[in-house]
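J.: Okay, here's the structure, questions in a sec.
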Amino acid sequence: MNQRIFLSPPHIGEAEAGFVAEAFASNWIAPLGPNVDAFEQEIASYVGAQGAVALSSGTAAIHLALRLLGVGRGDIVFVSSLTFIASVNPVLYEGAVPVFIDADETTWNMSPAALQRALEDARRAGRMPKAVIVVSLYGQSADMAAITELCEQYGVPIVEDAAESLGATYQGSASGTFGRFGIYSFNGNKIMTTSGGGMLIGQDLEALKLARFWATQSRDQALHYEHSQLGFNYRMSNVLAGIGRGQLQVLDSRIEARRAIFERYVAAFSGIEGIDFMPEAPYGRSTRWLTAMTLDPDATGTTPEALVHALMEANIEARPVWKPMHLQPLLRECAYYPHTDLPQGSVSDQLFARGICLPSGSSLTIEQQNRVIDCIHSHLADSRKLASVLAAHSG
Ligand SMILES: *Cc1c(COP(=O)(O)O)cnc(C)c1O
């Protein structure tokens, strides 16, 4: 009774245990092995990339992508502001300097207008970024045609952080395949998981081979342990790759399930004044990894924070939309390019102030979702009542 409902828990299918059992039976427990090779090929063929490197996390994949692009101390890297900290941390690992780019209202992803201003300023200052990390948020691809055109014009390579958008499409192609490199995450809350892991993808097989070398402690060809380059311990284990292979088999059904969950939330709340949902941009198909909804505090009498608390009391996990990177204490010194200059704050600021992510796991049952919906309806009714009492008193 009143079992906890999580935001986005793992949803294991039927094939995962078999692949893992195979790894055990053949004693391929150690890093690398047949599951890793197969998982890399299967992901590459699913998204239509030349190659893929299975790694210990999405963060590691971003880190290696930046190293492949030669990002180093003092270099500038442009990054979407509305994202999870993992998009930025690898920039800091390399001693580079992030500059944050706002989102636009129609995609919630990197604003091409803000990016253009940032690129223009960089050119004028004679300090071009070494890379642009474009994040595709909550299952929806950023506007890659517009962003790619700008980056090509200024000669800056793109790393696509598609950690949240595996399975989404942009103009019919897979999210993650538009940049010089793309990355996916298989963290426990993502649309498919290996319990923890990531993938680096790209078209340049030589570069991916180098990433694989770096990720295995940069062991040179020799009988003894010989190292001429800095290395990392970033490879995925053969056991975890087995989980990933099973998860990939059911990815399409997981996308359908999450989209259906989104539609049920829309049906439940769309008539209510002051409630909106993250739009689906016309250029592609979102996976709706997380259902993201906005609350207008004036119209609803409540805030994401209050609603998260109300849900928490009912043993339901929800979260505010990502707190933008330009507002993080760690990154407060960094430059920021808003989409437009508005007195009420940039687009990311406003999405953070109004946005909430609702339970969206593909294993969420109708009954569980109804529990979430009922709890939100009752919180909204209470908030409206309270608002009208307060209005009556002050009037
Ligand atoms: C999850 C996530 C990552 C990478 O996460 P790992 O936990 O390192 O696999 C990177 N960027 C974004 C936007 C994410 O949501």
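J.: Within the stretch 46-61, can you find the residues that are polar (S, T, N, Q) and away from the ligand (no atom under 14 Å from the Cβ)?
T.: Result: Gln50, single match.
J.: Could you look through the stretch 91-130, keep only residues that are touching a His at 6+ places or on another chain (Cβ under 7 Å) and in a helix (DSSP H, G or I), and pick out the one that is surrounded by the most Cβ atoms within 10 Å (Cβ to Cβ)?
T.: Applying the filter and picking the extreme gives Ala114.
J.: Inspect the stretch 53-64 for any residue being crowded, with 24+ Cβ neighbours inside 10 Å and part of a loop (DSSP other than H, G, I, E, B) and give the result as yes or no.
T.: The answer is no, given that none of the residues of the stretch 53-64 is crowded, with 24+ Cβ neighbours inside 10 Å and part of a loop (DSSP other than H, G, I, E, B).
J.: Could you list, in sequence order, all residues of the stretch 131-149 that are open to solvent by 10 Å² or more (accessible area, probe 1.4 Å) and under 25 Å from Leu92 (Cα atoms)?
T.: Filtering the stretch 131-149 down to residues open to solvent by 10 Å² or more (accessible area, probe 1.4 Å) leaves 143, 145-146, 148-149.
Result: Thr148, single match.
J.: Right, Gly72: at positive phi and more than 8 Å from the ligand (Cβ to nearest atom) or not?
T.: No: the conditions fail for Gly72.
J.: Run Leu64 past the list (1) within 13 Å of the ligand (Cβ to nearest atom); (2) over 18 Å from Leu200 (Cα atoms) and report the number of the one that doesn't hold.
T.: All conditions are met except number (2).
J.: Another question, if that's okay. Just to be sure, is Ile43 within 16 Å of the ligand (Cβ to nearest atom) and either over 27 Å from Gly155 (Cβ atoms) or open to solvent by 20 Å² or more (accessible area, probe 1.4 Å) (or both)?
T.: yes
J.: Among helices (runs of 4 or more DSSP H) lying entirely in the stretch 280-371, which contain 1 or more residues that are open to solvent by 10 Å² or more (accessible area, probe 1.4 Å), more than 18 Å from Phe269 (Cα to Cα) and of a type outside the set (A, V, I, L, M)?
T.: Fully inside the stretch 280-371 and qualifying: 304-313, 347-354.
J.: Check Phe19, Phe6 and return the single one that is open to solvent by 60 Å² or more (accessible area, probe 1.4 Å) and modelled with pLDDT of 90 or more.
T.: Result: Phe6 is the single residue among Phe19, Phe6 that is open to solvent by 60 Å² or more (accessible area, probe 1.4 Å) and modelled with pLDDT of 90 or more.
J.: Give the stretch 320-331 a look and list any residue that's farther than 24 Å from Met128 by Cβ and not aromatic (Phe, Trp, Tyr), or say none.
T.: Of the stretch 320-331, the ones farther than 24 Å from Met128 by Cβ are 320-323, 327-330.
If the condition is that a residue be farther than 24 Å from Met128 by Cβ and not aromatic (Phe, Trp, Tyr), then Pro320, Val321, Lys323, Leu327, Gln328, Pro329, Leu330 are the ones that fit.
J.: Can you confirm whether the stretch 342-353 contains a residue that is within 22 Å of the chain's Cα centre (by Cα), more than 16 Å from the ligand (Cβ to nearest atom) and over 11 Å from Ala103 (Cβ atoms)?
T.: yes
The values are calculated or read from the model by the stated rules, or taken from the named source; none is laboratory data. Remember, it's a predicted structure, so these values are computed and weren't measured experimentally. Every residue, glycine among them, receives a Cβ derived from its backbone with ideal geometry; neighbour counts consider all protein chains shown. The accessibility values were calculated without ligands, DNA or RNA, using every heavy atom of the protein model including side chains. Shrake-Rupley method; radii C 1.70, N 1.55, O 1.52, S 1.80 Å.
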